[in-house]
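Take a look at the structure below.
None of the figures in this text is laboratory data; all of them are computed from the coordinates on show. Note that the coordinates shown come from a computational prediction; the quantities given were computed from them, not determined experimentally. Positions of Cβ are backbone-derived with ideal geometry, glycine not excepted, and every protein chain shown enters the neighbour counts.
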Amino acid sequence: MVLRAGDGKVLMDLDWDGYEQTGWVLFYLHLVTDDDLQPDTVLAQGDPVGRPSCFGGEGNSSHLHIARRYNGEWMAADGPVPMVLSGWRPVNGPAPYEGELVKGDEVRQACECWEEDVNGIVSDNTVLR
């Protein structure tokens, strides 16, 4: 369920109680959404959330940040409960924005570069589901 959407941000309430302070909450940053994505909208798996962009902060290419909270506390992506997305597991680096994603033998390094075949950068025209 959508808690908030706008200014390049979307907050999703995974326990549908309408509170950011309870249960799991997903936070998307730099996401352009349709105008009809309003609070209390319920999305099913596979429904579009929005498109990666530069909106909602500084950036010179389309990208996306995904974070999560549990009972109001930020949870590290590679913490005790790793945030695995389609088999990709995050691994923190020595400093912010220096981590990587790992899936089997494949590794994607975080970087401020444009190498679509290596980094999987998605265009502004692609809808994030």
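With only Lys, Arg, Asp and Glu charged, each at its Cβ (+1 for the first two, -1 for the last two), find how big the charge dipole of the range 1-75 is about the Cα centre; round to the nearest 20 debye.
Here the range 1-75 has a charge dipole of around 280 debye.
Based on alpha-carbon positions alone, could you give the equivalent ellipsoid semi-axes of the range 1-75 from the gyration tensor, as √(5λ), descending, whole Å?
20, 15, 9
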